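This report concerns only the one structure given below.
The values are calculated or read from the model by the stated rules, or taken from the named source; none is laboratory data. Computed from a prediction, not measured in an experiment: that's the story for all the values here. Cβ placement follows ideal geometry from the backbone for every residue including glycine, while neighbour counts extend to all protein chains displayed. Calculation scope for accessible area: heavy atoms of the full protein, side chains included, ligands and nucleic acids excluded. Shrake-Rupley method; radii C 1.70, N 1.55, O 1.52, S 1.80 Å.
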Amino acid sequence: MAGCRLWVSLLLAAALACSATAVWPWPQYIQTYHRRYTLYPNNFQFRYHAGSAAQAGCVVLDEAFRRYRNLLFGSGSWPRPNFSNTLTINDEQCLLASQTVWGALRGLETFSQLVWKSAEGTFFINKTKIKDFPRFPHRGILLDTSRHYLPLSSILDTLDVMAYNKFNVFHWHLVDDSSFPYESFTFPELTRKGSYNPVTHIYTAQDVKEVIEYARLRGIRVLAEFDTPGHTLSWGPGVPGLLTPCYSGSHPSGSFGPVNPSLNSTYDFMSTFFLEISSVFPDFYLHLGGDEVDFTCWRSNPDIQAFMKKKGFSDFKQLESFYIQTLLDIVSDYDKGYVVWQEVFDNKVKVRPDTIIQVWREEIPVEYMKEMEQITKAGFRALLSAPWYLNRITYGPDWKDMYKVEPLAFHGTSEQKNLVIGGEACMWGEYVDSTNLVPRLWPRAGAIAERLWSSNLTTNMDFAFRRLSHFRCELLRRGVQAQPISVGYCEQEFEQT
């Protein structure tokens, strides 16, 4: 991989170089011309430029060349098959230049969208000049695999379509109250007793490795989330004593609440568990959650009350902060950074300066933009998710509301706004599984992809509608069951039967 990180210059060799207005997300700069060039599938090939530091053997690019050739031409007909770059298509060459392999991947996606096919079946590409780079470095999709288990194939397919949209972070919300599908080699009872089915509804170590590598080859980071102290009911059966016993009067009720923050054994477990997680997931960041902690059970428990009195805590937010602060210190010892939900900031937990705060509470826009202002004013980096909960649906083109969101629409200095590193579209799984995941995600998530990639001046709704409609048809051609965004039809929809 070392050579792949240097200057990458790719020659797209063909007898070269319509539909530039269909590119999604829209590039930072694009100039197209009427002159067009014919592409001959039998003679077409991707080649490394002679002066490039990257050469054959760069796995990321070699695999990308194979994927995109198949996406462009398929077999026989045209069926299913952070970083700046420039793409130049003229009489002399079709040249993609990028300083990183990841920028080259995004440029290949743009190139694939520029190729069009005539009614007679001939492939063309128009003379084009593009300079492109993402507006925000963090462009994510969250999948929840606890409320409903998502098969490995669904996750891998999602990563493919994320790459088509130039998303670069897969936020994997692996476990929650409902189930614990992550197979821990340190604590195997977590999965055996906490998953829906310890044989069919789990992610093995090999599954996790496959997701991480599949994502890497598409320029996507995997951000794993293990949310505590709330959202942990599925952890309890596998780790006796981890959760807080709830009381009814002076006796245990038989139910359990959040992680018990009063026991040393809790932190011993978390230390060992997150040592494993830190070794399994290579990304610098882990997502540690910290949201929606229900204090009812803690309030009912006499041991918790005694612990709070000993510590001098007057309210349960202080107790929550104590737990989270201790957990953050544990994770920091493993040379990991962390992302947390906004409650950690709201409750004034002392966190490291490089902490990333994710804003999700979306009661009204004024509130989440006020939250963005406060987080960045405190000097922390921020991620926006509040207006982009894709699991929520309405009748009609709700993608437009998502498209209109401006992540920097809050009062603050330029230094504050530079701390907004991007955002994520969230697909929570209460009512989503593999049967409806794809049409609910796509092409609606594309609206968020363009907002996070393209210039803040790319806001024309009619222009976006025309391009997104075309892109939805392109997704159908690539085998993605993306739902329609308006009345009409795609030629490609008949290929899906």
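Couple of notes before you dig in:
- Taking the range 42-133 as the region of interest, the strands (runs of 3 or more DSSP E) fully inside it that hold 3 or more residues being over 18 Å from Tyr164 (Cα atoms) and modelled with pLDDT under 90 are 45-48.
- Some residue of the range 245-259 being open to solvent by 10 Å² or more (accessible area, probe 1.4 Å), in a loop (DSSP other than H, G, I, E, B) and either at positive phi or modelled with pLDDT of 95 or more (or both): yes
- Answer from Asp462, Asp401 - the residue that is over 17 Å from the mean Cα position of the chain (by Cα), more than 26 Å from His173 (Cβ to Cβ) and part of a helix (DSSP H, G or I): Asp462
- Residue-level check: of (1) assigned to a loop (DSSP other than H, G, I, E, B); (2) within 15 Å of Gly429 (Cβ to Cβ); (3) of a type in the set (S, T, N, Q), Ser184 misses just (2).
- Test: residue in the range 343-358 that is in contact with a strand residue (DSSP E or B) (Cβ under 9 Å, 6 or more places away or on another chain), loosely packed, with under 14 Cβ neighbours inside 10 Å and either among the aromatic types (Phe, Trp, Tyr) or not in a helix (DSSP H, G or I) (or both): yes
- In the range 286-314, of all residues being surrounded by fewer than 20 Cβ atoms within 10 Å (Cβ to Cβ) and aromatic (Phe, Trp, Tyr), the one that is nearest to Gly140 (Cα to Cα) corresponds to Phe295.
- Number of the condition not met by Tyr267 [criteria: (1) open to solvent by 20 Å² or more (accessible area, probe 1.4 Å); (2) within 30 Å of Val169 (Cβ to Cβ); (3) touching a Leu at 6+ places or on another chain (Cβ under 6 Å)]: (3)
- Taken over the range 202-238, the residue count meeting the criterion of being in contact with a His (Cβ under 6 Å, 6 or more places away or on another chain) and among the charged types (D, E, K, R) is 1.
- Restricting the range 404-435 to residues that are more than 20 Å from Ala447 (Cβ to Cβ) and not in a loop (DSSP other than H, G, I, E, B) leaves a set whose member that is least open to solvent (accessible area, probe 1.4 Å) is Gln416.
- Residue count for the range 95-135 under the criterion of being open to solvent by 10 Å² or more (accessible area, probe 1.4 Å), under 26 Å from the mean Cα position of the chain (by Cα) and either of a type in the set (A, V, I, L, M, F, W, C) or more than 24 Å from Leu457 (Cβ to Cβ) (or both): the result is 5.
- Number of positions in the range 392-420 that are among the hydrophobic types (A, V, I, L, M, F, W, C), more than 14 Å from Lys377 (Cα to Cα) and touching a strand residue (DSSP E or B) at 6+ places or on another chain (Cβ under 7 Å): 0
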